[in-house]
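To keep things clear, I will list the structure first and then write my remarks on it.
The values are calculated or read from the model by the stated rules, or taken from the named source; none is laboratory data. Keep in mind that what you see is a predicted model, and the values were worked out from it rather than measured. Note: ideal-geometry Cβ built from the backbone for every residue, glycine included; neighbour counts use all protein chains shown.
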Amino acid sequence: MNHVVHSNGSVQNLNGVLEEKLDELRALIGKAEGDPLRIVGIGAGAWGSVFTALLQESYGHLRDKVLIRIWRRPGRSVDRATAEHLFEVINSREDVLRRLIRRCAYLKYVEARLGDRILHADVILKDGFCLNMIDTPLCPLKVVTNLQEAVWDADIVINGLPSTETREVFEEISRYWKERITMPIIISLAKGVEAELEPEPRIITPTQMINRATGVPMENILYLGGPNIASEIYNKEYANARICGAEKWRKPLAKFLRQPHFVVWDNGDLVTHEVMGGLKNVYAIGAGMVAALTNESATSKSVYFAHCTSEMIFITHLLTEEPEKLAGPLLADTYVTLLKGRNAWYGQKLAKGELSLEMGDSIKGKGMIQGVSAVKAFYELLSQSSISLLHPDKNKPVAPVELCPILKMLYRILITREFTVQAILQALRDETMNDPRDRIEIAQTHVFYRPALLGQKP
């Protein structure tokens, strides 16, 4: 039987603990007895699907108190090669095989393997298969393909969409919420940013996009960030996360989401954590390039890591008044993304010639590579002369991006395409590049903080 051992030695049934946490959240939201708490995940990428599946596994058995569903667009077909691989995964896992047979769902995968049937992403998701993460079967999920049906009465909405799709989808959602008396709670998992250059340069994050699109107050919108790799978290690898936002919701939600293998802390600095979650994707792409181009040279990768972390530290001094508070979360999230994230994978594939920029940044089997749009956003933002700072060596005003050579080169490789992927090594070997230590020292000894970049007043 599942149980929890408390520090005082007492033992409590895990199901009882979960029901108690659910009851506390229901009471805070104001749910009446007999009216289930409605939680819906929007977007069925790897992390969005895993997050919804974790909730389903923990609380799904309490059907009279909570209803957990996930929305994804209908109609996306599964190609023959993916269907064949999926069939191999199913037959390699006895628990999954038994579950499908018990649910009378196995035959369609046999027919798809033989080429006699076309599977669709929303159908296989009901059986626990995320198209972006076929190798990690999830628990069965309640899938909705009609967006209005999914969200109109939701109490908690999980934004599992890429940042590049968040605005558009939530603008549609806002039409279904016009008659609502109370607004839902929204937890955004998206890691990406946009740059808004007029009337003054600033970063727009997914939570801000949601706020603008729906009118849901920012106190009801939270961000949950890593470090995390979706498949590892579902497989019960120990992980930490932070839920950031207004105290009214972040503390009870941290408690509600916390599991023995998934410890969730809370923090009030929503926008800064969200921006940093997008920033690490920028440098992860370059890390993948360097790894592939140097045949996984540990020395070359460490040189790159020194330069990219010094640039990130420099940028955090522009974006936050207390950058030292971000050092742990930012470096941890960067570390895991460089090791195993999809953005580093994308950089590797580009460098090996297995992917090309012409293929776009939405990759089959991986989903959206959010670091590409983040490169563009950070470069455009930090190129503005209106936020110039005094160059410590040249003693003249320069745009902040001039002190970020890795970011500049990634922009010229990925966005303007002036250079090939190999140019990332040229940037590392440029003898005129500042020592990473110098860049950190510059950031620490000069007042660079620009609160307007996050839309905050000085």
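With respect to Leu14, determine if the residue is modelled with pLDDT of 95 or more and surrounded by fewer than 20 Cβ atoms within 10 Å (Cβ to Cβ).
No, not satisfied.
Just a yes or no: is a residue in segment 448-455 farther than 15 Å from Ser356 by Cα, small (Gly, Ala, Ser) and modelled with pLDDT under 75?
So far as segment 448-455 goes, yes, one or more of its residues are farther than 15 Å from Ser356 by Cα, small (Gly, Ala, Ser) and modelled with pLDDT under 75.
For residues that are closer than 30 Å to Lys31 by Cβ, hydrophobic (A, V, I, L, M, F, W, C) and either in contact with a helix residue (DSSP H, G or I) (Cβ under 9 Å, 6 or more places away or on another chain) or assigned to a helix (DSSP H, G or I) (or both), tally how many sit in segment 47-95.
So the answer is 11.
Return only the number of the condition from (1) more than 27 Å from the chain's Cα centre (by Cα); (2) at pLDDT below 95; (3) of a type outside the set (Asp, Glu) that Ala27 does not satisfy.
(2) is the only condition that Ala27 fails.
In segment 96-123, which residue that is of a type in the set (Asp, Glu) and in a helix (DSSP H, G or I) is nearest to Arg73 (Cα to Cα)?
Asp122
If Gly268 satisfies all but one of (1) crowded, with 24+ Cβ neighbours inside 10 Å; (2) over 23 Å from Ile387 (Cα atoms), what's the number of the condition it fails?
(1)
Evaluate segment 228-248: report whether one residue or more is closer than 27 Å to Leu25 by Cα, in a helix (DSSP H, G or I), without any contact (Cβ under 8 Å) to a residue 40 or more places away in the chain and among the basic types (Lys, Arg).
Taking every residue of segment 228-248 in turn, at least one turns out to be closer than 27 Å to Leu25 by Cα, in a helix (DSSP H, G or I), without any contact (Cβ under 8 Å) to a residue 40 or more places away in the chain and among the basic types (Lys, Arg).
Determine whether segment 359-368 contains at least one residue that is surrounded by fewer than 22 Cβ atoms within 10 Å (Cβ to Cβ) and assigned to a helix (DSSP H, G or I).
yes
Pick out the one residue from Glu196, Glu168, Glu200 that is charged (D, E, K, R), surrounded by fewer than 19 Cβ atoms within 10 Å (Cβ to Cβ) and in contact with a strand residue (DSSP E or B) (Cβ under 9 Å, 6 or more places away or on another chain).
Values: Glu168 fails: in contact with a strand residue (DSSP E or B) (Cβ under 9 Å, 6 or more places away or on another chain); Glu200 fails: in contact with a strand residue (DSSP E or B) (Cβ under 9 Å, 6 or more places away or on another chain).
Going through Glu196, Glu168, Glu200 in turn, just one is charged (D, E, K, R), surrounded by fewer than 19 Cβ atoms within 10 Å (Cβ to Cβ) and in contact with a strand residue (DSSP E or B) (Cβ under 9 Å, 6 or more places away or on another chain): Glu196.
Could you list, in sequence order, the residues of segment 30-57 that are buried (at least 17 other Cβ atoms within 10 Å of the Cβ) and more than 21 Å from the chain's Cα centre (by Cα)?
Lys31, Leu37, Arg38
Taking the condition of being at pLDDT below 95, touching a Leu at 6+ places or on another chain (Cβ under 9 Å) and assigned to a loop (DSSP other than H, G, I, E, B), how many residues in segment 269-305 meet it?
Final tally of qualifying residues: 1.
Of the residues that make up segment 189-209, is at least one touching a Lys or Arg at 6+ places or on another chain (Cβ under 6 Å) and touching a residue at least 40 places away in the same chain (Cβ under 8 Å)?
Yes, segment 189-209 has at least one match.
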